[in-house]
Every structure is written in C-alpha cells, then in structure tokens.
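To start, the structure itself, in structure tokens.
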Amino acid sequence: MKQDIIIIGAGPAGLAFARSLVDTGLKVTMIERSPLEQLKAPAFDGRDIALTNLSVKLLQGLGIWSRIQNSDISPIKQARVLDGASPYFLDFDSTEDDIEALGYLVSNNVIRKALYDEVSTIENVEIISNVSVTGLDTNSTRASVRLSNGQTMESSLVVAADSRFSETRRMMGIAASMHDFGRTVTVCRMSHEKPHLNIAHECFSYGRTLAVLPLSGNQSSIVITAPTDVTEQLLQLPDEQFNMDIQQRFENRLGKMELVSERHPYPLVAVHARKFVTTRYALIGDAAVGMHPVTAHGYNLGLRGQHQLANDIKQAIKQRDDIGGSEVLKNYQAKHTRITRPLYHGTNGIVNLFTNDAVPAKLLRKVVLRLSNNFKPVKYLIKQTLTETRLTQKTPLGL
Ligand SMILES: Cc1cc2nc3c(=O)[nH]c(=O)nc-3n(C[C@H](O)[C@H](O)[C@H](O)COP(=O)(O)OP(=O)(O)OC[C@H]3O[C@@H](n4cnc5c(N)ncnc54)[C@H](O)[C@@H]3O)c2cc1C
C-alpha cells in the first residue's frame with residue numbers, strides 16, 4: 001500500500017501535523033498503538049498544558065481552538081517564581097504588555113480530543129488504531145513500514161511522533177541525549193477556598209518544587225517535583241494528609257485545599273535527539289525533543305516543529321520537489337534545532353540550579369531572581385521565551 005506520508009503516533013503532535021497537511025491533497029496514514037476509543041475520548045491524565053500565545057494562534061489556524069469550550073481554557077494573567085522560604089518573587093504580568101494573558105492552560109486530554117475530532121473529519125487522512133509499528137526501512141526512493149498486524153506500507157516520508165522514548169528513532173539509528181533527573185513529577189487538580197486571581201506560582205522550595213496553576217473557578221493544577229522515593233510516599237498519602245501537605249507548603253495562600261482528581265506520576269527524563277531527520281524519516285514532538293515540564297515548553301515546541309515541517313513540505317509541493325527529499329528534511333532540521341537546542345539546555349540548566357540545595361547554588365538563585373526582576377532586557381527575554389507573544393505578531397504564524 002503506497003501512501004505519501006505515514007505518521008507514527010496519533011498523540012497531540014502527530015494529530016496536529018496531520019491537520020496541518022489538510023490542504024496539500026497528500027495521502028496521509030496515521031499509525032497509533034492505542035485503541036480507537038482512547039483516541040475518541042482520551043481520559044484525564046493529570047496534565048494541564050500551559051500553551052503560549054503562539055501555540056494558541058497555531059491551534060486557531062488549525063481549527064482546533066474553536067473546538068475547545070471556554071470553560072476548559074484558563075488564562076494565566078500573572079506568574080510568580082519563588083525561591084525557598086523567601087517572600088521575594090520574580091513576577092511577570094500580562095498587563096505590562098497589554099496582552100490578555102501570558103498563556104492559557106488546557107488539559108492534555110481536551111487538546112487530544114479536539115485534535116482527534118478535527119482530524120477524523122479530514123478525507124485524505126486515515127487513522128489506523130490498535131496497531132504498532134514494528135519495523136522500518138528507508139532508502140533513497142521510498143520508506144517501508146511494518147505493522148504489528150502483519151501489514152507492510154510504503155510512503156515517500158515517515159514522520160515519527162511516537163513519544164520521547166520513540167522506538168522508531170532507535171530503529172533508524174538516531175541517537176538521543178537523555179537526561180534523567182532522578183525525580184518524578186506528580187500532577188493533579190485541587191479545589192481551594194480563595195480565588196487564585198489567575199496567578200500562576202512556581203515555588204522552588206528546598207527538596208521539592210511546587211507549581212500551582214490557575215484553572216477555571218476555584219481550582220488549580222498542582223505540579224510537584226520530588227525525588228522518586230518522596231514521590232512514592234506522596235502518592236500513598238491518604239487524601240486528607242495530602243491536602244494538608246500541599247496547603248501548608250503553599251503557605252495557605254489559597255486557604256483550604258482539596259484533591260478533586262487522581263494523582264498522576266511522570267518520571268522526569270528529558271530527551272534531545274542528536275538529529276531530527278535521516279533518509280525519508282523525520283522526528284516531531286517529544287520524539288524530537290522531550291522537555292522537562294518546568295518551563296512548559298514541551299508541546300509548544302511540538303506545535304512549532306510540526307508547523308515548520310508541514311510548511312517545508314508545502315513549499316516542496318509548490319516547487320514540484322520530492323516531499324521526502326533531503327532538502328526538505330535538512331531545512332526542517334536546521335530551523336527546529338535552532339529553536340529547540342537553547343531552550344532544552346537552558347531549561348535543564350534552570351532545573352539544575354533551582355533543585356540544587358548546595359549553598360552556592362542557593363545564593364546564585366537569589367541573584368538570578370533579582371537580576372531577572374530588575375534588569376529589564378533580561379526580564380523581557382525570559383517573558384518572551386515563556387509566552388512567545390512577540391512571535392504571534394510576525395507572519396506567517398510567526399515562523
Ligand atoms: C507532567 C507534564 C506536564 C507537562 N506540561 C506541559 C506544559 O505545561 N506545556 C507544554 O507545552 N508541554 C507540557 N508537557 C509536555 C507535553 O505533554 C508533551 O510535549 C506532549 O504530550 C507530546 O506529544 P507527542 O504527540 O509528541 O507525544 P505523546 O503524547 O507521547 O504521544 C505519542 C503517541 O505515539 C503512540 N506510539 C508510540 N509508539 C508507537 C508505535 N511504535 N507505533 C504506533 N504508535 C506509537 C503512543 O501511543 C502515543 O499516542 C508536559 C508533560 C508532562 C509529563
């Protein structure tokens with residue numbers, strides 16, 4: 001069976017990429033390991049994704065944003081970064097830049113559902129679920145993909161969006177740098193007595209970090225990063241003790257707090273593929289770059305990457321070039337590497353600094369917070385990186 005493009009993985013990156021190809025007329029097949037019911041109605045997985053202003057614009061352009069109900073979108077108007085027990089904080093405020101919000105929180109399952117609902121209506125995209133990719137070969141003229149149902153498919157290009165632990169990246173011999181932080185992040189939702197005023201907090205307390213992110217109504221998304229043994233204890237704590245623990249660690253800023261969801265753990269491993277492309281094969285989403293969630297860049301970068309690759313493919317079609325040829329792929333790789341590499345290493349550096357409890361690191365943190373707060377160009381740069389606001393003003397779609 002010959003396709004133009006085979007996409008491996010119908011997660012949020014793979015689905016967005018399929019939607020980006022809607023007007024190309026290319027024959028696209030998606031291969032997804034999960035059953036169809038999970039794609040149609042993905043369960044809440046604890047993740048509330050902070051989307052930058054650029055990501056919102058990209059999702060609007062793909063017709064996804066209008067599929068998400070207003071009550072599922074929570075604007076972040078201000079963000080505060082705190083260090084240890086100090087009341088001093090680095091703050092970012094959307095009103096300073098005359099923008100509606102620094103970013104928007106939408107839960108991962110809501111994004112996935114909106115993407116699936118949209119992509120399932122596209123004629124030139126077929127989604128094959130409940131099937132895994134078990135083998136992959138490419139050469140200068142075609143790519144060949146073997147499936148767990150015994151079928152083999154051919155295409156001009158294979159795009160892998162099969163997670164940060166991508167099996168096909170390994171099959172294609174692409175190495176990746178992996179950084180295991182030896183920590184686990186636990187995510188859940190809690191309700192609280194007092195309003196959050198749409199302020200996000202990132203508290204780098206010693207031993208563990210706590211992010212409290214504003215959702216609709218008096219609810220927040222809670223993100224706790226801790227060494228894995230501490231996480232295990234946290235997961236075992238009875239609800240009432242857990243509620244009390246978070247309430248106290250957040251210094252009662254939101255009054256009485258109560259769990260309203262399960263607690264979901266994710267081991268913290270960041271991944272950056274050494275290259276994003278090889279013969280007739282490209283990596284997007286977490287398969288290309290899997291970020292530490294502290295700077296909330298993972299899916300935002302995934303959206304930018306898929307948009308870039310789709311644009312390069314559209315350009316090739318216009319020029320009657322090979323859509324899986326090395327020119328297209330090299331161009332994508334160069335641009336996506338330029339964007340992702342500094343963010344990947346910068347984020348890991350921030351994590352190392354803010355989770356290191358040695359005295360020099362604690363002192364340096366205080367200097368960094370004060371410098372960032374008081375030195376306008378530094379603050380502006382951090383804010384732009386976190387919100388991607390300026391990029392939304394550029395055309396086409398900021399890239
Ligand atoms: C706790 C947490 C908080 C986060 N917060 C944010 C945030 O605030 N902002 C942000 O931008 N990002 C955030 N992220 C990152 C974001 O969740 C990811 O970047 C995003 O989900 C990656 O999407 P993906 O489609 O690349 O990969 P995945 O979501 O991992 O999807 C991969 C898909 O491929 C399928 N698959 C895998 N192997 C195969 C195979 N061999 N054959 C067929 N199918 C296969 C899987 O079943 C899956 O459906 C967070 C992540 C975590 C863990």
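Just so you know, all these numbers are worked out from the coordinates, no wet-lab data involved. Quick caveat: nothing in here was measured; it's all calculated off a predicted structure. Heads up, the Cβs are rebuilt from the backbone with ideal geometry, glycines too, and the neighbour counts pull from every protein chain shown.
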Summing +1 per Lys or Arg and -1 per Asp or Glu among the other residues with Cβ less than 13 Å from Asp162's Cβ gives +1
Estimated inter-spin distance, Met171 and Phe44, nm [label 7 Å along Cα→Cβ]: 3.6 nm
Normalised Cα Rg of segment 46-188, dividing by 2.2 N^0.38 Å with N its residue count, works out at 1.42
Show me, for segment 152-157, the HN-Hα J-couplings you get by feeding each phi into the Karplus relation (A = 6.51, B = -1.76, C = 1.60, θ = phi - 60°), rounded to Hz, glycine and proline as x. 10, 10, 10, 7, 7, 8
What ³J(HN,Hα) values, in whole Hz, does the Karplus curve 6.51 cos²θ - 1.76 cosθ + 1.60 give for segment 48-55 when θ = phi - 60°, with x put for Gly and Pro? 10, 8, 7, 9, 6, 4, 5, 4
Residues listed by number, segment 257-274, amide nitrogen under 18 Å from Asp180 label point at 7 Å toward C-beta: 265-273
Helix-derived [θ] at 222 nm for the chain: sum -39500 (n - 2.57) over DSSP H runs of at least 4, divide by residue count, nearest 500? -11000 deg cm²/dmol
Rounded FRET efficiency, nearest 0.05, which uses the C-beta distance separating Leu36 from Ile317 and R0 of 25 Å: 0.25
Kirkwood hydrodynamic radius of segment 191-329, from inverse mean 1/r over distinct Cα pairs, in Å: 18.1 Å
In nm, what is the difference between 0.36 nm times the number of residues separating Asp245 and Val269 and their Cα-Cα distance? 6.1 nm
Roughly how big is the chain's charge dipole about its Cα centre, with Cβ charges of +1 (Lys, Arg) and -1 (Asp, Glu), in debye to the nearest 20? 1160 debye
Expressed in whole Å with the largest first, what are the equivalent ellipsoid semi-axes of the chain derived from the C-alpha gyration tensor as the square root of 5 times each eigenvalue? 37, 22, 21
Pop out the ³J(HN,Hα) list for segment 127-139 in order, Karplus 6.51 cos²θ - 1.76 cosθ + 1.60 with θ = phi - 60°, rounded to Hz; leave Gly and Pro as x. 10, 9, 9, 6, 9, 10, 8, 10, x, 8, 9, 9, 9
What is the set of long-range amide H partners of Arg183 at a cut-off below 5 Å, with H atoms built 1.01 Å from backbone N? Leu268
Shape descriptors of segment 144-249 over alpha-carbon atoms, Rg and Dmax in angstrom, are 20.5, 57
Using DSSP loop states and a limit of at most 15 other Cβ atoms within 10 Å to flag GluC sites (Glu not before Pro), what is the longest stretch of the chain containing no flagged site? 263-399
Please grab the % of Cα pairs in segment 190-238 that end up more than 19 Å from each other. 35 percent
Work from the charge dipole of segment 19-136 (Cβ charges, +1 for Lys and Arg, -1 for Asp and Glu, about the Cα centre) and give the residue of Ser71, Ser94, Ala41 farthest towards its positive end. Ala41
Could you work out the relative contact order of segment 90-247, using alpha carbon pairs under 8 angstrom and six or more residues apart, expressed as a whole percent? 13 percent
Proximal aspartates and glutamates relative to Lys256, as straight alpha-carbon distance under 15 Å, when same-chain residues fewer than 8 apart are discounted: Glu193, Asp239, Glu240, Asp245
